[in-house]
Structures are given as structure tokens and as C-alpha cells.
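Asks: Let me give you the structure first, and then I'll get to my questions.
The values are calculated or read from the model by the stated rules, or taken from the named source; none is laboratory data. These numbers were taken from a predicted model, which means no experiment stands behind them. Positions of Cβ are generated from backbone atoms using ideal geometry, with glycine treated the same way; all protein chains shown enter the neighbour counts. Heads up: the accessible areas ignore ligands, DNA and RNA and are worked out on the full protein's heavy atoms, side chains in. Shrake-Rupley method; radii C 1.70, N 1.55, O 1.52, S 1.80 Å.
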Amino acid sequence: MEEPAITQAEENKKKRLPHINFRPILFCALGLAFGIFLYIRIHFGGLAASDFLFIGLLLFFAIRPYGLKRILCAALCFFIFAGVGALSIHIYTSQFSKGVSSGEYEITGGVQSFTIENSASTLVLSNLKIDGKRVDGKLSVSVNSDEFRAGDILSFTAEISRSALPKNGNSYSEYLYENGIRYSADYVAAEKTGTSYNVFLRFNSSIYDALHANMPKDEADVAYALLTGNSRGVDDTLMQAIRKGGIAHIFAVSGLHIGILFGAVSLLFSPLLKKKAFLPALAAAIFYSAVCGFTVSSIRAVIMCGVLSLGRAFGRKTDFLDSLSFAAVLVLLFMPAEFLSAGFRLSFGACAGLALFSPTLERAFRKLPRVIGKYLAAAISVQIFIFPVLIESFGYFSVWGMLLNFFLIPLLPVLFLGLLLCTLFALIIPPTAAFFLFLPQGMLSALLYVVSVLDFSFVLTGFSLGAGAAVWLCGSVTLSPRVRLKPLLRGIATGVFCVLFAFCMIYENAVFYGLKIDVYEDGKAAAALLRTSDTAVLVIDGDVSLKKCEDFLSRTYGGQLEGVVVLCSDELDGINVGAFLSAAVVYAREEIATGLNKTDVRFAESFSVGDMAFRYESSEKITLSAEGRVVEFDFENNPALGADLFIGKGSGGLKFFLNHGIIKAI
């Protein structure tokens, strides 16, 4: 049977179709995000021409071939909400900068979250009273105790320091800023003086205690992370293997967890409540999100579940992209700093990838078995859009994720719901806790065994995207089926984006001339990667750990280090870290016994590594001469001498004083 011929009128109508369907809520969400992003770039440094590439291209496609009314409507939605976004993040920044100055105070606060490691804890306190006065913000404190839990009210006297604004792209300052942590204190002697009335925090603590009282530590840490999203207590080696295996998303309470819970409760109540079954499901999802601390990914999932279920209940078709945009608007209006978090970008980026590519890829895989085709379509769609986020946030991209998730995701509902139900029964009937938790413990042990025996060391790592991230996102959106382009134009655009991406990668990672410096700070720890065209040297202080160095290098440099320079009074700690890095030589100032036989450790006041000349001014200060420039490093104090560039630490974090040259903070 012959297909009906396309009339000239239909052809003309097809030509007049817009490149992108008009969605007011989408333009509102994009405007809000761009306003926040632009404010952060201008206020905290790092504004570049590539920052306008993505949004400029999207607006270009959105305008044509609309009429004047729709163009004005799109522009109003975008620019009004861009202003709202800039205003909201400005108010947040102003509030973050307020509070008491650094000094010694008597402090009372409630534990909001806790991380236990080696009989010590890192706590985040809220509802603060400093010297008896209520103050806004949170405080991060280290204590030599593993007895404190979420919901405990603590009192202590401590020397606190104010958190600096995240200028120069400093990732640790960004973490404090986005989480509202205005103060920090180290190793205080705290006393529990009460318990919070917050039932969600107390329930969270009860989950932790029940799991750790009835499971081995590794299984209990993983179970707690799976249920609450708090994976900071999981062993570093194990967590690294999980991340490189591409399955770390199971520890982020996101759409997968909320969707499983929402679907299970809806199914349970559907025989009784019919179309209203979504109400108890939504209540359960909100309660669960509260127990997990209202993480941004869980909030996004709850909002989208609510919007989609309400639409179905009232017989209205709800678009996935519209519900995603609505969730983004609500999150960014009330929590604008979350835009900086990897959780926000991964959660919304994954959903954006599904909305852009999944339907078309499902049709492309229609000849495969339905389950495999839908999985491949969803997995590829997600990976396309979150690739730059993973590289810039964690320094690597897993090549194992699609394979492992193919087996893990179908098992996750059984593991998650089984663990959740067993934990609830363990809390309700404490004497039977070991019995109920025995089955999920076995499943988790099997998971840990698989992760421990498989080698996930092969990952894409050791490079930075820079402006290539914007090019990648632009290409992803432009070449997606949601943007209507003619085949010739689509082919040309593909070639242009490939060339631009390759150029950005070379420009960002190769050093053809001059001196390139990447700087890292995480709390007290600091490091700097120095590169010329043929030499790479890492300068570290005594507080930086091997893991932090490896994380830093994974985001900046994947090659061989010619040297590691130790810059601290306690050299042994730094030398031990340098011994495990891929460096030819470890350099230090004062000669000490190291006990290392296989590592080449050299002690000298001055030395050269390739075309870089170093000279120790003291155990905590060193100067570098390279490519006609002088750089001074001092990770303990902050006096600047007559150098082209000073890199040092003082109160408030890492500081840079730059006369000439290029520096990027990680």
C-alpha cells in the first residue's frame, strides 16, 4: 500500500515548525539558573565568553521562527527569572557573609549530620547559639568521639573560623557555601546537653544505630548510605571502587529511590484508594526525603512525582520536561546555592538527558528485546548529559557503569525495599533486629564482594574540560531530537562541535609554552600542580592526604610527575604521601630518616626539576623560578614578597596575589 503524498500545505507547515517547542516554565527555569550562574561567575571570579555559549545558542533556536508575541513572552520569562535568580543568590550571599567573626566562643547547636571515622566524628551543627545569642548558619566541627548522632544538642567552647566566599573557583569553599556552613572548628571537647525535637533527625540516628549494632561495619556503612544518601562513612577504598564502577548513584537518594518507594506505596494503596493512591505515596516520599536531610536530588524527585501523579489523577497529560523545569524553579528559588552542587547538576542533568534523547533512542533500539532497548536508551541518554559534570566534579568517567547498572538497577528495588522494610521492623521490634537484617546483610556482602574482586581502575581520567564542558552541552542539546534541524545543518553542526571540543581539550590540558598552575584546597590541606611544556611537579603541604592528591590529579593531570615537593615543618607525613604518587623524586628541605628504600627522596635547600628551579626560604615557604616568572608558595602564612605570583594560606582559605600569569583553582 502506497503512503499518502505530503501536500504542499503540510510541507510548508512543517517548515514553519519552531526549532524548539515553546514551554514558558522551561524558559523560567533556564533564566533562573542562568541568573544564579552569572552572579556567581561575576561575583566570585572566573567569567568567560564560553559561559554565554550554551544559553545563547538555546535562545537562538528558541526564537526562530516564532512570532513577535511568543518571542517577547520567551524573553520576558527568561530575563525576569534571570533577575530573580541573581537577586536570590545575592540575598543568600549577603546572609552567608553575616554572623560573628573568628574567635573563641561558647557554642550550642544541634547535630544535623554526622560522619564517623576512626573513633572520631565530623559534625554539622545547626540552630546555633554563640555566646548565648541565636545566629544563622551552620558550623562544621571535628570531635574526638563517635557517640554523637543527628538530633543531639551539644555545647562546647571552641576557636571558630569564618568560611570564606568561594572565590577563584575553590571547591572546598564552594562546598561550605552551598551547604550554608559559615563556621568551622577542630577537635573540640563537646558535651551532649539535650535532644532535638526534630523527629526526622532522630529517626535518621536510629537507623544508623540499628544497622551498626546488627551488621559488620562495612555492610552497615553501605546500608546506611543506601538508605539515607550519607556515604561519607564508607571506606575510602571501597567508595573509590564503587565510584569508578559507575554505581555510586545508588548512594544518592534520588529519583531511583524516591520512584521505587513512591511506586511501591502507590501499588499498595491502589486497590483501596484508586486514583488517590498517590496521596499516601507522596506523603511517604516527603517523609523519606526529610529523613535523608532534604537532599536536592530527593526534593527534585518528590516534586516531579507529585506533578506527574497529580496530572494523571485529574486526567491531564503532563510533560516530563515541564515537570523537570517546575522542580528546578522551586529548588533554585528556595535553595539558590544548590546550583553549585554536583548533586543538583547530576540529578537535573540526568533527567534532562532522558527528556532529550531517550524517546528517540528507544525507537532506534526497537529491534532489540524491549527491556534491553529501554535500558540502553535510558543509560546512553543519561551518560551523554552528565559526562562533563562527572569529569569536572569527580575527575573521572566510568566506562563500567552501563554494564554494572544493567544488572544492578533491576536488583535495586529488591535490595532497597527489602533493606528499608527490614530496618523498619528492626526499629519497631529491637530484639528481632539481627533476624530481620540478616537477609539484606547477605545481599550487601555479595555486592561488596563483587566490587572488591573486580578491577575498575580503567577509567577516563587525568584531564579537565574547561570550556569544552559548555561546548559538549551545546552540542548535546543542538544535536538532540528536541531541536528540529535539517539533515545538512545537523551534519555541519556536528562537525563544528567536534572541532571546537577538540580545540578546547587541547587548549585546557596541553602546555606548549609558559607556566601553568592548578591549585587545590580542602580545609587545611593544600597542593599545587606546576607544569611547563616538558615538566610536571606537585607541591604539597603536610595536611594533604594521598586520596586528596589523587582526586586533585585525576581532575588535572594524568601523566607522570617529575617530582613531589614537600612544604611543611613535619616533612615525614608529606614524604609518605609523595612516595605513593607517580613521581620520579620526592624533595624535602631538612634531612630526616624516612625508612623508604624504593622511593628516591632528596633533601636540599635548592634544586631543579627539569626547567623549574626551586629554593626553600623556610620549611613552609618555597620560591619557584620558571619560564621567566617567580612564584612564591607559603601554605601557612600569607606575606607576599616580590614575586609575580603568591600562593598561600591565611585565615579564610587559600589566597592568590597575581601580577602576571595564569592560575586555576580546583
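Asks: From (1) surrounded by fewer than 16 Cβ atoms within 10 Å (Cβ to Cβ); (2) within 23 Å of the chain's Cα centre (by Cα); (3) without any contact (Cβ under 8 Å) to a residue 24 or more places away in the chain, pick out the condition that doesn't hold for G462.
Replies: (3)
Asks: For region 119-153, give me each residue that is assigned to a strand (DSSP E or B), hydroxyl-bearing (S, T, Y) and under 21 Å from S206 (Cα atoms).
Replies: S121, T122, S126, listed by residue number.
Asks: Ok, one more. Mind counting the residues in region 514-532 that are modelled with pLDDT under 85 and either under 20 Å from F394 (Cα atoms) or in contact with an Asp or Glu (Cβ under 8 Å, 6 or more places away or on another chain) (or both)?
Replies: 12
Asks: For a quick check of your reading of the model, give me the residue pairs whose first member lies in region 245-265 and is among the aromatic types (F, W, Y), whose second is open to solvent by 10 Å² or more (accessible area, probe 1.4 Å), with beta-carbon atoms closer than 7 Å and at least 6 apart or on different chains.
Replies: Pairs found: F251/G229; F251/S231; F262/C305.
Asks: Hey, another quick one. Picking from S554, S608, which residue would you name as being open to solvent by 40 Å² or more (accessible area, probe 1.4 Å) and either hydroxyl-bearing (S, T, Y) or modelled with pLDDT of 90 or more (or both)?
Replies: S608
Asks: Does region 6-29 contain at least one residue that is acidic (D, E) and either at pLDDT 90 or above or under 16 Å from R484 (Cβ atoms) (or both)?
Replies: Checked against the condition, which is being acidic (D, E) and either at pLDDT 90 or above or under 16 Å from R484 (Cβ atoms) (or both), region 6-29 yields at least one hit.
Asks: Next up: I need the full set of residues from region 233-278 which are of a type outside the set (A, V, I, L, M, F, W, C), out of contact with any Cys (no Cβ under 8 Å at 6 or more places or on another chain) and surrounded by fewer than 16 Cβ atoms within 10 Å (Cβ to Cβ), in order please.
Replies: D235, D236, T237, G263, S270, P271, K274, K275, K276
Asks: Does I207 fit the bill of being modelled with pLDDT under 90, open to solvent by less than 30 Å² (accessible area, probe 1.4 Å) and of a type outside the set (D, E, K, R)?
Replies: No; evaluated as a whole, the condition is false for this residue.
Asks: Ok, one more. Could you grab me the full set of residues in region 513-527 that are open to solvent by 20 Å² or more (accessible area, probe 1.4 Å) and either within 20 Å of S50 (Cβ to Cβ) or in a helix (DSSP H, G or I) (or both)?
Replies: Listed by number, the list holds a single entry, K516.
Asks: Same structure again: Applying the selection to region 166-185, what residues are touching a strand residue (DSSP E or B) at 6+ places or on another chain (Cβ under 9 Å) and either without any contact (Cβ under 8 Å) to a residue 12 or more places away in the chain or open to solvent by 20 Å² or more (accessible area, probe 1.4 Å) (or both)?
Replies: Passing the criteria: K167, N168, G169, S171, Y172, Y175, N179, R182, S184.
Asks: Going through L424, L390, L403, L444 one at a time, which residue ends up being open to solvent by 60 Å² or more (accessible area, probe 1.4 Å), modelled with pLDDT of 85 or more, among the hydrophobic types (A, V, I, L, M, F, W, C) and part of a helix (DSSP H, G or I)?
Replies: L424
Asks: Just to check your reading of the model, which residue among G85, G99 is more than 23 Å from G466 (Cα to Cα), modelled with pLDDT of 75 or more and assigned to a loop (DSSP other than H, G, I, E, B)?
Replies: Unique residue meeting the criteria: G99.
Asks: Next question. How many residues, within region 574-604, are part of a loop (DSSP other than H, G, I, E, B) and among the aliphatic types (A, V, I, L, M)?
Replies: Total meeting the criteria: 5.
Asks: Ok, one more. Could you tell me whether F435 is part of a helix (DSSP H, G or I) and modelled with pLDDT of 90 or more?
Replies: It is true that F435 is part of a helix (DSSP H, G or I) and modelled with pLDDT of 90 or more.
Asks: Can you find, within region 585-598, the residue that is farthest from F633 (Cα to Cα) among those that are open to solvent by 40 Å² or more (accessible area, probe 1.4 Å) and touching a strand residue (DSSP E or B) at 6+ places or on another chain (Cβ under 7 Å)?
Replies: E591
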